[in-house]
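One structure is given below, encoded as structure tokens.
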Amino acid sequence: MWAIFDIRFMMPILWLAFLCVLVALTNPSEFSMFLRRFTQIGSLLLVMSLLQLIFRREGKVLFAIGNFPLVFSEGLREAILLWIRFMILFALAYLFARISTFKFLLFSNKAGLSLNLSLLLLITFKLIPFIVSEAKKGLWFLRFRGINISNLSLRDKVLAMRQLLFCLLMRSVDYVSYSALALELRGYGATNGGKIQQTYPLRVLDFGLMGLALFLDILGFLI
Amino acid sequence: MFTYLSKHFPRSHHYLVEERRQDDIDNFFIEKLFDPFGKGSKHTIWGEQAREFSIIGSRLGWVPDHVQVVFFRETVEHEIADALASKQNRLVGEENEIEQARFLLEQIGISDLSGQNPYFLSQGETKLVWFLSQWAKLPDYLVISYLPAGLSQQRINRLLAFLLNSEKMADFLKVSSPTFVLGYLDHDKRWYENLISEPNSKSRWIKRNFIF
């Protein structure tokens with residue numbers, strides 16, 4: 001049991017709980033949707049994380065069949081840590097996807113990030129929902145061609161995935177070039193540097209969240 | 001859906017459907033086919049089970065103007081060949097289908113595009129390639145929202161000639177030609193009058209009011 005109640009789980013679990021509470025506070029009406037997505041993605045990522053059990057064969061034997069050891073303490077610990085890290089990334093992506101583009105830009109400007117870096121981050125974050133919607137569209141078009149994906153062989157399913165990735169790649173290149181052109185036309189990246197006149201007024205909640213994040217960071221160093 | 005289509009558009013003829021606006025048919029198909037797909041497989045799409053969407057796709061072709069279409073292959077000829085192969089639920093076209101794709105591209109006057117990436121084409125070229133990929137899957141009905149949009153007069157004429165020769169083309173491929181349903185605007189007579197007056201066409205073209 002010590003492998004599960006390890007103190008090294010404390011910080012990741014605190015971070016995950018912090019992000020989940022943040023989602024609940026910022027979007028209370030969408031929290032049930034978040035929980036559904038969390039369960040769906042979490043189950044999928046759990047399977048991936050459990051692969052650690054096969055490769056990490058160190059520490060105490062926790063479970064064995066006959067004389068053959070199956071689960072080692074280090075493998076289980078790594079699997080749990082990996083799953084929590086995946087879910088932290090998922091919660092972060094969920095939060096970022098719901099922040100208004102311009103507010104994010106104003107905030108990063110306020111935080112002292114250069115405009116180029118802010119825009120780079122922004123375009124990267126905004127690419128995620130774009131890719132999701134394009135993947136759905138690609139699937140629609142593949143089925144509209146008359147292809148019944150569930151009837152395909154495993155080899156053809158892999159091929160279908162490759163074809164979907166191809167159209168995603170082409171559409172992403174298109175999206176990025178249009179975004180870059182739109183930014184240039186608005187004067188971003190000009191020689192003398194673009195300035196955003198509007199400021200982001202930090203509220204008590206922002207200070208509270210930053211303080212809590214700082215506290216968790218310090219706690220992480222101490223433990 | 002197909003009961004509705006066969007009731008209003010019996011397969012013995014081709015149809016011209018009058019639109020009030022150029023995007024009437026597009027909006028209808030977006031609402032009936034495109035948007036409901038995102039709701040999940042338990043929903044219905046225009047009266048059909050969403051999980052059977054591939055059956056809808058195999059029997060219905062659509063050439064939209066206001067939806068950005070998606071291609072899956074690196075070259076135009078492979079894209080058309082794959083569409084030809086889709087009738088047998090195959091993802092990738094074989095050598096004979098590539099030959100047929102080249103033949104179809106030649107018929108519509110864009111054989112010079114055969115080796116190009118379909119994502120690097122002009123609006124009109126994209127429309128023609130998409131039209132061929134829809135025709136090549138040999139559906140029961142092929143709906144073109146508004147044929148002249150994005151096409152030069154020369155390409156409109158080539159496309160109309162293709163539509164009129166569709167039966168011959170289908171005979172060559174040993175399949176049956178789709179029933180065409182074309183949207184038109186009453187004031188823009190320059191292209192569709194030829195279809196109605198064309199004496200060589202096997203099937204008659206009939207005008208209809210917008211009934212979608």
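For this structure, a couple of remarks:
- Every residue from the range A:55-69 that is in contact with a strand residue (DSSP E or B) (Cβ under 9 Å, 6 or more places away or on another chain) and free of Cβ contacts under 8 Å to residues at least 24 places away in the same chain: A:R56, A:R57, A:E58, A:V61, A:F63, A:A64, A:P69
- Test: residue in the range B:191-205 that is of a type in the set (S, T, Y) and in a helix (DSSP H, G or I): yes
- The set of residues in the range B:153-190 that are under 19 Å from B:P139 (Cβ atoms), in contact (Cβ under 8 Å) with a residue 24 or more places away in the chain and in a helix (DSSP H, G or I) comprises B:L159, B:F162, B:L163, B:L164, B:S166, B:E167, B:M169, B:A170, B:F172.
- Of all residues in the range A:98-138 being crowded, with 18+ Cβ neighbours inside 10 Å and in contact with a Leu (Cβ under 9 Å, 6 or more places away or on another chain), the one that is farthest from the other protein chains (Cβ to nearest Cβ): A:S108
- Scan of the range B:86-107 for residues that are crowded, with 22+ Cβ neighbours inside 10 Å and either assigned to a helix (DSSP H, G or I) or of a type in the set (S, T, N, Q) (or both), ordered by number: B:S86, B:E97, B:A101, B:L104
- Given (1) in a helix (DSSP H, G or I); (2) more than 29 Å from A:L105 (Cβ to Cβ); (3) in contact with a Gly (Cβ under 9 Å, 6 or more places away or on another chain), number of the condition A:I147 does not satisfy: (1)
- Total residues in the range A:153-178, condition among the small types (G, A, S), more than 8 Å from chain B (Cβ to nearest Cβ) and either crowded, with 16+ Cβ neighbours inside 10 Å or under 22 Å from the mean Cα position of the chain (by Cα) (or both): 1
- Residue that is modelled with the lowest pLDDT [pool: residues in the range A:42-73 that are in contact with a helix residue (DSSP H, G or I) (Cβ under 9 Å, 6 or more places away or on another chain), under 28 Å from A:A17 (Cβ atoms) and part of a helix (DSSP H, G or I)]: A:Q52
- Some residue of the range B:70-81 being facing chain A (nearest Cβ under 9 Å), β-branched (V, I, T) and within 16 Å of the chain's Cα centre (by Cα): yes
- Verdict on B:G115 being in contact (Cβ under 8 Å) with a residue 24 or more places away in the chain and either assigned to a helix (DSSP H, G or I) or under 14 Å from the mean Cα position of the chain (by Cα) (or both): no
- Enumeration of residues in the range B:198-212 that are at pLDDT 75 or above and either out of contact with any strand residue (DSSP E or B) (no Cβ under 8 Å at 6 or more places or on another chain) or of a type in the set (D, E, K, R) (or both): B:R204, B:K207, B:R208
Each row is one residue, and each column tells you yes or no for (1) at pLDDT below 95; (2) touching a Ser or Thr at 6+ places or on another chain (Cβ under 9 Å); (3) within 20 Å of A:M170 (Cβ to Cβ); (4) within 12 Å of chain A (Cβ to nearest Cβ).
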| site | (1), (2), (3), (4) |
| --- | --- |
| B:L91 | yes, no, yes, yes |
| B:E95 | yes, no, no, no |
| B:S114 | yes, yes, yes, no |
| B:Q123 | yes, no, yes, no |
| B:L138 | yes, yes, no, yes |
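- Failed item in (1) out of contact with any Asp or Glu (no Cβ under 8 Å at 6 or more places or on another chain); (2) of a type in the set (S, T, N, Q); (3) farther than 14 Å from A:F144 by Cα, with B:S114 passing the rest: (1)
- Residue that is under 30 Å from B:D35 (Cα atoms), in contact with a Leu (Cβ under 8 Å, 6 or more places away or on another chain) and modelled with pLDDT of 80 or more, where the choices are A:A91, A:A79: A:A91
- The residue that is surrounded by the fewest Cβ atoms within 10 Å (Cβ to Cβ), among those in the range B:15-60 that are within 14 Å of chain A (Cβ to nearest Cβ) and outside any helix (DSSP H, G or I), is B:G40.
The values are calculated or read from the model by the stated rules, or taken from the named source; none is laboratory data. All figures in this text were calculated on a predicted structure; none of them were measured in a lab. Note: ideal-geometry Cβ built from the backbone for every residue, glycine included; neighbour counts use all protein chains shown.
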